[in-house]
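Engineer: Okay, handing you the structure first.
Readers should treat all values here as calculations from the given coordinates under stated rules, not as data from a laboratory. The shown structure was predicted, so the numbers you read here are calculated from the model rather than taken from an experiment.
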Amino acid sequence: MNSDITAPTGPDPDSLLIGMYRDPYFPDHLVDRGKEILLRLSVRIEAERPADLDALYVLTHAATEEFNDLEEEFGAAGSEIETVARDEIGESFRRVATAHGFHDADPEELIAPREW
């Protein structure tokens, strides 16, 4: 993972995608890329300070699209973004949102444009 990407506030980076790291089915280098997406999202939320949930969802949807782009790479590595991964990714998006004070964010809406 690129250690240059850090969130000034936000979730503990070690709390993101834990279940995917623990499961050898998911290649660590791709999980690292997913974690980078989440950390960039956190930095972007901190920088842009969305005024409401709709503004937050614009940011989380863009990050979800980045996860959509990773799906093919998971497949090429003999893995896929399936139920376990979907739950882990969704929970990590929720952690990012709540760490930035968006406790009422709808977990499904955070990742609404997902293709996995």
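Engineer: Among the candidates F93, F26, F67, F102, which residue alone is within 16 Å of D14 (Cα to Cα) and of a type in the set (F, W, Y)?
Structural biologist: Exactly one residue qualifies, and that residue is F93.
Engineer: Condition first: in a loop (DSSP other than H, G, I, E, B) and either among the charged types (D, E, K, R) or within 12 Å of F67 (Cα to Cα) (or both). Now tell me which residues in the range 101-111 satisfy that.
Structural biologist: D104, D106, I111, listed by residue number.
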